[in-house]
1. Restricting attention to segment 36-50, does a residue exist that is under 22 Å from Ala22 (Cβ atoms) and at pLDDT below 85?
2. Is there a residue being out of contact with any Ser or Thr (no Cβ under 7 Å at 6 or more places or on another chain), among the basic types (Lys, Arg) and within 29 Å of Met126 (Cβ to Cβ) anywhere in segment 1-20?
3. Exactly one of (1) at pLDDT 95 or above; (2) surrounded by 17 or more Cβ atoms within 10 Å (Cβ to Cβ) is unmet by Glu76. Its number?
4. Collect the residues in segment 21-40 that are buried (at least 16 other Cβ atoms within 10 Å of the Cβ) and either of a type outside the set (Lys, Arg) or at positive phi (or both), keeping them in residue-number order.
5. Please state which of the following conditions Ala43 fails to meet, knowing it meets all the rest: (1) surrounded by 15 or more Cβ atoms within 10 Å (Cβ to Cβ); (2) among the aliphatic types (A, V, I, L, M); (3) more than 21 Å from Gln118 (Cα to Cα).
6. Scan segment 120-142 residue by residue and report those that are in a helix (DSSP H, G or I) and of a type in the set (D, E, K, R).
7. Going by the conditions given, is Glu67 at negative phi, buried (at least 19 other Cβ atoms within 10 Å of the Cβ) and not aromatic (Phe, Trp, Tyr)?
8. Within segment 53-76, which residues are of a type in the set (A, V, I, L, M) and over 21 Å from Met126 (Cβ atoms)?
Amino acid sequence: LLQAQVAAGRDVAAVVVEPIQAEGGDNHASPAFFVALRQLCAARGVYLIVDEVQTGCGSSGKMWAHEYWELPQGEEPDFVTFSKKFQIGGYFHKASVRPDRGYRVFNTWMGEPIKMLQLATILDVMERDGLMEMTRRAGETLGLGLERLQAAYPEGL
C-alpha cells in the first residue's frame, strides 16, 4: 500500500499500525511483517506510528506489544501512542523527531499534575505486584489451553 501511494505520486507522511488490530477483528501480523514495514518506512522517510491504546501499558505481558517484534536497536517506532490503562492520553517519540523548539500547543490532557501522579501510582503497582509477568504467564497458559482444545476438536476451532 505504501509503495502504491508513492508510485502514484502521493506524499506519505506516516503509517499508523496497531500491534494487534483490535476493533478490526483481532487481526495479528508476524514480527517479520513489522520489521519489514519498519525498514520500508525508514527507506522512504515515512514515520512509523504505533498505536498502543489497546495493546500497550503492560496488557500483553510486556510494557508495549511492539516489543515482541524485536526491532533492531535504533529502529524503534518513530512515535508510540497510548491511553486508557494509564488514565492519560500520551505518546512518546524517538529523539530524532524531537522539535527544535519547545512545544507550543497544549491541551487539557497534557501536563495535568494529578494525572501524572495517577500514572506514577499505576506504574508502581504494576512493578510491585508483578502484573506484567502475571499477564504474560496467564496468556501463555491460555494459549496452551487453546492449542490443546484445537488439537482435540480440529473441526470446531
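The values are calculated or read from the model by the stated rules, or taken from the named source; none is laboratory data. In this text, all values refer to a predicted model and were calculated from it rather than measured experimentally. When we count neighbours, we look across all protein chains shown, and the Cβ atoms used for this are built from the backbone with ideal geometry, even at glycine.
1. No, that holds for no residue.
2. For segment 1-20, residues out of contact with any Ser or Thr (no Cβ under 7 Å at 6 or more places or on another chain), among the basic types (Lys, Arg) and within 29 Å of Met126 (Cβ to Cβ): absent.
3. Of everything listed in (1) at pLDDT 95 or above; (2) surrounded by 17 or more Cβ atoms within 10 Å (Cβ to Cβ), Glu76 misses just condition (1).
4. Phe34, Leu37
5. (1)
6. Asp124, Glu127, Arg128, Glu133, Arg136, Arg137, Glu140
7. no
8. The one that is of a type in the set (A, V, I, L, M) and over 21 Å from Met126 (Cβ atoms): Leu71.
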